[in-house]
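Asker: Would you mind keeping the following structure in view while I ask a few things?
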Amino acid sequence: MNYDSNLVRLDSRWMGDWDLGTMRTGNLDYVCVNLPRISYESKGDDGLLFEKLNEVLEICKLALEAKGHVIENRMFRDNELTMLSNAPDSEPYYRVRSSTRGISCIGLPEASKFHMGSLSEDWKEINRFSIKILEKIRSYTDALSKSTNQRWVVAQAPFDYYSARLAKLDIERFGREGVSLDNLDQPYYSTDNTLKKPSGCSLKEILEAEGRFHHLLNGGHTLTIPIPDSKISSRRLLEVTNDIVARTELGSYAFARSLTYCLNCQTSHIGVLQKCTTCGSTSAQLLSFDRLNGPQRLVENLLPARGSRPTRGWLVDLD
Ligand SMILES: [Zn+2]
């Protein structure tokens, strides 16, 4: 198995060989589906929702096929990507035909919540419908893999740059009353799988629920577990880790909290600081990092996605 920090997952099932499946290849690209828009247009009609989803998946297919043709032409016809097409052992270094063609979703829980309307207070019901949507997409990519002999996958959205932009476009199109968003002034859609973690929902329940999504996301997934910006006992962290490994089906997870690095005294601190507690340097010398999904990123780079710092809707108290 090969995971990378952009959530790309390559497993050894491809061609039945770990080398061909996981080495010298990667992800060709992702196309991200704005699921809430499909949900708004379907007005609660299951048949219409899946029909529209299928139409969008066909467009995703065309986009990824076009990208595949461009890359193969550059490698083999135009010799523009010689680092990839170089053939030290008569086979091009980069196995472009083993690279994944990924379909991702944005706003999966928001789409399910809107679609279910008055039934949508039960987070387990919402998750069940989200799984139904993902199963449809997965069966589409599995069928495509068989018919094309290419590696089509479903993956968790690896980036959220477009999350706020798509949410704003949907507000313009459907109006403030016609969308499924918690914060209409700083709107964004989820890039993870489950709805905002409900109060009263235990960590164990969250981990079990997410594990069921990871089974379907064969092209990449991770659960980011936000923990408080405070001292945490290493024993408790180990207990949670053991629980995850022994009792859940999570494929990948990461604990996350914000960190600040001081360029002046080269020390790291927990939390987003305005002033270094070691040497007193202020903001020009400080870099703050946080994680939504995927790798840690500069907090200022997370702002376009969320409009503000991550709100950590389900901070996990591990003490
Ligand atoms: Zn300092």
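The values are calculated or read from the model by the stated rules, or taken from the named source; none is laboratory data. What you see is a predicted model, and the numbers here were worked out from it, not measured in a lab. Neighbour counts are summed over all protein chains in view; Cβ atoms, including those assigned to glycine, are modelled from backbone coordinates with ideal geometry.
Asker: Give the residue that is farthest from the ligand (Cβ to nearest atom), with candidates limited to residues of segment 285-309 that are among the aliphatic types (A, V, I, L, M) and at pLDDT 90 or above.
Answerer: My answer is 287.
Asker: Output the number of the condition that residue 254 fails; it satisfies all remaining conditions of (1) closer than 23 Å to residue 7 by Cβ; (2) touching a Phe, Trp or Tyr at 6+ places or on another chain (Cβ under 8 Å).
Answerer: (2)
Quick grid of which residues meet (1) away from the ligand (no atom under 14 Å from the Cβ); (2) over 22 Å from residue 192 (Cα atoms); (3) more than 27 Å from the chain's Cα centre (by Cα); (4) not basic (Lys, Arg):
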site: 231; (1), (2), (3), (4): yes, yes, yes, no
site: 234; (1), (2), (3), (4): yes, yes, yes, yes
site: 240; (1), (2), (3), (4): yes, no, no, yes
site: 246; (1), (2), (3), (4): yes, yes, no, yes
site: 261; (1), (2), (3), (4): no, yes, no, yes
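Asker: Going by what's in this entry, would residue 220 be described as surrounded by fewer than 20 Cβ atoms within 10 Å (Cβ to Cβ) and either on the phi > 0 side of the Ramachandran plot or more than 16 Å from the ligand (Cβ to nearest atom) (or both)?
Answerer: no
Asker: Next question. Among the residues in segment 224-245, are any modelled with pLDDT of 90 or more and either part of a loop (DSSP other than H, G, I, E, B) or touching a Ser or Thr at 6+ places or on another chain (Cβ under 7 Å) (or both)?
Answerer: Scanning segment 224-245, I find no residue that is modelled with pLDDT of 90 or more and either part of a loop (DSSP other than H, G, I, E, B) or touching a Ser or Thr at 6+ places or on another chain (Cβ under 7 Å) (or both), so the answer is no.
Asker: When you go through 53, 48, 62 one by one, which is the residue that is of a type outside the set (S, T, N, Q), surrounded by 15 or more Cβ atoms within 10 Å (Cβ to Cβ) and assigned by TED's automatic domain parsing to the domain that holds residue 171?
Answerer: It is 53.
Asker: A further question follows. Only one of 84, 49 is in contact with a His (Cβ under 9 Å, 6 or more places away or on another chain) and part of a helix (DSSP H, G or I); which?
Answerer: Of the residues listed, the single one that is in contact with a His (Cβ under 9 Å, 6 or more places away or on another chain) and part of a helix (DSSP H, G or I) is 49.
Asker: Looking at segment 28-46, which of the residues that are out of contact with any Leu (no Cβ under 8 Å at 6 or more places or on another chain) and assigned to a strand (DSSP E or B) is nearest to residue 152 (Cα to Cα)?
Answerer: 30
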